[in-house]
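S.K.: Quick one: structure below, then a few questions.
Bear in mind these aren't lab numbers, they're just calculated from the coordinates by the rules spelled out. Since this is a predicted model, take the numbers as computed values, not measurements. Cβ sites come from the backbone with ideal geometry, for glycine too, and all protein chains shown count toward neighbours.
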Amino acid sequence: MPLLEVKNVTQRFGGLQAVSEFNLSLEGRELIALIGPNGAGKTTVFNLVSGFYTPTMGDITIDGQSIRGFKPHKVTALGVGRTFQNIRLWYQMSVLDNIRVSQHYRLGYGILDCAFRTKRYFAREKEIDTIAWELLEAMSLKEYAHEMPNNLPYGLQRRVEIARAMSIKPKILLLDEPAAGLNSADVDGLIDLVRWLHQNFDISIWMIEHQMKVVMSLCSWIKVIDFGQTIAEGTPEEIQNNPAVIKAYLGDDTL
């Protein structure tokens, strides 16, 4: 059974068809990419998988369970971590608290535990702190724990966002253009980070990315869409030489 399966998914917004009959099967411990020109529908696919949209047609399953109609927090609880093309951090919270707050969906205590500071409250808060500090250390962010994210360079902010997604211990990590806005040194660091996450955690990674250096360095399989439709899929070498992909990115040289 695939870890994630997207089956004949179509998404319409009024008269606009953003995604058309999209299919994908993701097994455990894969590292794959979804690419395509701007406006191709890539982020719409991620929004469908992570519960921000409900498909107009088709179905999405995680470990065989349909998530059609699930809200984002329910999809997260099934083990789907997500980052965004435009970094979304809480800039009035410290880096540490940005990691800690991601545990809200599985706190394990109620309002009375919080009000009366019960043993359950303290035990769970201690566990949340432990998870956060261990992750910050593993991702070389420990020295920035008490900094506000807006005081950090853009590359470190991106790393914090990935750390927050990892703090839920996901089975699937969705990375939406993680290299967007990064300089060349930060891109190299991102490649190393994603490779390290994939090698050291029991996780599948699915990324959207425009920087082909990132995609070709990391991914074993690439799916390409244009105007919401799949135009190619295959290994990096196959995609690199696919005429339909070249045309989608560079245009028809016969015009």
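S.K.: Which of the three applies to region 124-185, rounded, prolate or oblate, going by the alpha-carbon gyration tensor with a ≥ b ≥ c and a/c under 1.5 meaning rounded?
M.R.: oblate
S.K.: Can you list which of the GluC sites (Glu not before Pro) found in region 100-175 are DSSP loop residues with at most 15 other C-beta atoms within 10 Å? Show your work: numbers first, answer last.
M.R.: Values: sites: Glu125, Glu127, Glu134, Glu137, Glu143, Glu147, Glu161; in loops: Glu147.
Answer by residue number: Glu147.
S.K.: Mind listing the phi-derived Karplus ³J(HN,Hα) values for region 104-119, rounded to whole Hz, using 6.51, -1.76 and 1.60 with θ = phi - 60°, and x for any glycine or proline?
M.R.: 4, 6, 9, 4, x, 9, x, 5, 5, 4, 5, 5, 9, 6, 6, 4
S.K.: Further question on the same structure: Consider the candidate values (i) 34, 22, 16; (ii) 40, 30, 14; (iii) 29, 23, 18; state which one is semi-axes √(5λ) of the Cα gyration tensor in Å computed from the structure displayed.
M.R.: The listed entry that was calculated here is (i).
S.K.: Continuing with this model, one more query. State the number of lysine pairs found in the chain whose Cα atoms come within less than 22 Å, restricting to pairs 8 or more positions apart or on distinct chains.
M.R.: Step by step, the pairs that qualify in the chain add up to 22.
S.K.: To the nearest 500 deg cm²/dmol, what mean residue ellipticity at 222 nm is calculated for the chain from DSSP H runs of n ≥ 4 alone, each contributing -39,500 (n - 2.57), summed and divided by the residues? Provide the component values of the computation, followed by the final result.
M.R.: Values: 10 runs with 96 residues, N = 255.
So the helix-based figure for the chain works out to -11000 deg cm²/dmol.
S.K.: Mind putting together the pair-distance distribution for region 146-254? All Cα pairs, 10 Å bins, whole percent per bin, short to long.
M.R.: Reading upward from the zero bin: 12, 40, 31, 13, 3, 0.
S.K.: Just rank Phe52, Phe22, Phe70, fewest to most, by other beta-carbon atoms within 10 angstrom. Please report the intermediate quantities before stating the final value.
M.R.: On the way: Phe52 14, Phe22 26, Phe70 19.
Sorted ascending by nearby Cβ count, the order is Phe52, Phe70, Phe22.
S.K.: Counting other beta carbons within 10 Å of each residue's own, what order do Thr44, Thr83 fall into, fewest first?
M.R.: Working: Thr44 20, Thr83 23.
Ascending Cβ contact count within 10 Å gives the list Thr44, Thr83.
S.K.: Still on this model: For a quick check of your reading of the filter: which chymotrypsin sites (Phe, Trp or Tyr not before Pro) in region 113-218 sit in a DSSP loop and have no more than 16 other Cβ atoms within 10 Å? Working shown, then result.
M.R.: Details: sites: Phe116, Tyr121, Phe122, Trp133, Tyr144, Tyr154, Trp196, Phe201, Trp206; in loops: Phe201.
Sparse-neighbourhood loop chymotrypsin sites (Phe, Trp or Tyr not before Pro): Phe201.
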